[in-house]
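The structure appears right after this line, and notes come after that.
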Amino acid sequence: MHRLRSITTVYRFRLLALMLCGKYVLFAIASVFLIHALIDSDQSLATSGAALMGLTVLMTVWQWLLAERTGCPLCLAPVLARKKCATHRHAKTLLGSHRLPVALDILFCSRFRCPYCHEVTALEVRAKQSRH
């Protein structure tokens, strides 16, 4: 099992995984608000839904900018960024995304399986090797 280089990398993976999952949740909540506002002709609910949709877009852009620095320690492909790379044949998808299962594994299992090289990486800092 592979490990990451520094504690800041571990924090970056966790933050971006939380942002990716939060983006899906915010989009679902904003959609429900907007549909309910259309049905009931409620202006305040429509404003809240539009604000949540704007927050979703802002979170998507922020996550997109930061996700390039979440590379797999083996193949160096950014696992939380949308790339046009070929994925491994056994890579899992959830809601049509290869990134969402990775994000859920990071949040709930403290490890992830790279969708490109299919190797498991623990969200731990690797031990420093002393050179003698």
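Descriptive notes on the structure:
- Among residues of segment 103-117 being of a type in the set (Phe, Trp, Tyr) and touching a residue at least 40 places away in the same chain (Cβ under 8 Å), the one that is farthest from ARG12 (Cα to Cα) is TYR116.
- Test for ARG14: is it among the charged types (D, E, K, R) and under 17 Å from the mean Cα position of the chain (by Cα): yes
- Within segment 62-87, considering residues that are assigned to a loop (DSSP other than H, G, I, E, B) and of a type in the set (Lys, Arg), the one farthest from the chain's Cα centre (by Cα): LYS84
- Residues of segment 2-13 satisfying the condition of being assigned to a helix (DSSP H, G or I) and surrounded by 15 or more Cβ atoms within 10 Å (Cβ to Cβ): THR9, VAL10, ARG12, PHE13
- Counted residues, segment 65-100 - those being under 13 Å from PHE13 (Cα atoms) and either in contact with a strand residue (DSSP E or B) (Cβ under 8 Å, 6 or more places away or on another chain) or exposed (fewer than 15 other Cβ atoms within 10 Å of the Cβ) (or both): 10
- Some residue of segment 40-56 being buried (at least 18 other Cβ atoms within 10 Å of the Cβ) and within 18 Å of LEU104 (Cα to Cα): no
Every residue, every condition in (1) free of Cβ contacts under 8 Å to residues at least 12 places away in the same chain; (2) under 28 Å from GLU124 (Cβ atoms), yes or no:
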site: CYS21; (1), (2): no, yes
site: LEU26; (1), (2): no, no
site: PHE33; (1), (2): no, no
site: LYS84; (1), (2): yes, no
site: HIS88; (1), (2): no, yes
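- Residue that is nearest to VAL120 (Cα to Cα) [pool: residues in segment 90-102 that are part of a loop (DSSP other than H, G, I, E, B) and without any contact (Cβ under 8 Å) to a residue 12 or more places away in the chain]: THR93
Values in this text are rule-based calculations from the coordinates and carry no lab data. Note that this is a predicted model, so its numbers are computed, not measured. Glycine also receives a Cβ, built like all others from the backbone with ideal geometry; neighbour counts cover every protein chain displayed.
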